[in-house]
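This report refers to the structure that appears directly beneath it.
The values are calculated or read from the model by the stated rules, or taken from the named source; none is laboratory data. For clarity, every value in this text was computed on a predicted model and none was experimentally measured. No Cβ is skipped: glycine too gets one built from the backbone with ideal geometry, and neighbour counts run over all protein chains shown. Areas reflect the complete protein model, heavy atoms only, side chains present, ligands, DNA and RNA absent. Shrake-Rupley method; radii C 1.70, N 1.55, O 1.52, S 1.80 Å.
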Amino acid sequence: KQWYQRRVRVKMNMLLVSMSLLGIVFSFEDGLVHEPGRCVSYGLSSEYPLLNVYNGPPQHLTDIGAVEILEELCPMFGNMPVCCDGAQLENLASHMSQVAFLLEECSSCWYNFRTIFCQQICSPDQSTFMRVLEQFKIEGDDASVARSFQVSLTKEYAVKLFDSCKEVQAFGRDALPLICSSSTHCNHDRLLKELGNNASMAPYLTEFLVGNARDSVITPLQADVLSHCWEVPEDADEACSCEDCWVACFEKGKTPSLFSFEFEWP
């Protein structure tokens, strides 16, 4: 028995060395290969609204309606193969519509908010920053279904997402506490926790792991996001208005001091 176990370990080590030489990184945590150009999920499962575990390459969308949703919500992936299909994009559009009335008037905040979901659901490099935390088999089906995910992102990403939205107004008050379900303790950690656990935001559990540390498998997501509500994303025509974000009233967000005066000397 010991001889057999040693032989199996040697074969496994040889396999891992061969995969390493080929540039393939395999994770024992979720049993998937993690490398650029590879997904961890694709398509809604029969256990709707959970996702199928899929470790293959991203796919080109062929449905015109799906392409239009991708271009509207996730323009950063336009004309690219993605790790989401039409049904997922329709699902994403439905969930985004539930918070659009709070954030969409402020283009930079709305862009950042959409981006974190677009990256998680559709990124063609999904496996480089995502793990499947829990998966199970459906009886009579060969496919595995993902019940929960872990998404790694840098602290800079998390902070910029929060900062771009923290002064956005809705119904005469700050909008983010309405999403955080807390009027006093909404910060980037609380926001991400709510987005990962709230069924109205995502139909499956997502653990957002914030930090810059990387391992042999995962590199934290560092997307190109905006920092402030007065900035204008590429897919928008104008910045947030004063009515929707008070700091947008002042150039670069700098509030003039109440005690600063200009004098004209004779």
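A Cβ distance below 6 Å, combined with a sequence gap of six or more or placement on separate chains, defines the contacts here; from region 73-97, residues that are surrounded by fewer than 19 Cβ atoms within 10 Å (Cβ to Cβ) reach residues that are among the hydrophobic types (A, V, I, L, M, F, W, C) in the pairs 86/66; 87/44; 93/69.
Could you list, in sequence order, the residues of region 60-72 that are of a type in the set (Gly, Ala, Ser) and surrounded by fewer than 18 Cβ atoms within 10 Å (Cβ to Cβ)? Result: 65, single match.
Counting residues in region 123-130 that are assigned to a strand (DSSP E or B) and surrounded by 15 or more Cβ atoms within 10 Å (Cβ to Cβ) gives one or more. Comparison of 152, 144 shows that the only residue that is closer than 23 Å to residue 212 by Cβ and small (Gly, Ala, Ser) is 152.
I need the full set of residues from region 161-175 which are modelled with pLDDT under 90, outside any strand (DSSP E or B) and either open to solvent by 10 Å² or more (accessible area, probe 1.4 Å) or over 28 Å from residue 128 (Cβ atoms) (or both), in order please. If the condition is that a residue be modelled with pLDDT under 90, outside any strand (DSSP E or B) and either open to solvent by 10 Å² or more (accessible area, probe 1.4 Å) or over 28 Å from residue 128 (Cβ atoms) (or both), then 163, 166, 167, 171, 172, 175 are the ones that fit.
Each residue in region 137-146 was checked for being open to solvent by 10 Å² or more (accessible area, probe 1.4 Å) and under 16 Å from residue 39 (Cα atoms), and 2 of them qualify. Of all residues in region 19-43, which are open to solvent by 30 Å² or more (accessible area, probe 1.4 Å) and at pLDDT below 90? Residues satisfying the conditions are 19, 20, 21, 22, 23, 24, 25, 26, 28, 29, 31.
Taken as a whole, the condition of being without any contact (Cβ under 8 Å) to a residue 12 or more places away in the chain, open to solvent by 50 Å² or more (accessible area, probe 1.4 Å), under 18 Å from the mean Cα position of the chain (by Cα) and farther than 19 Å from residue 208 by Cβ applies to residue 104.
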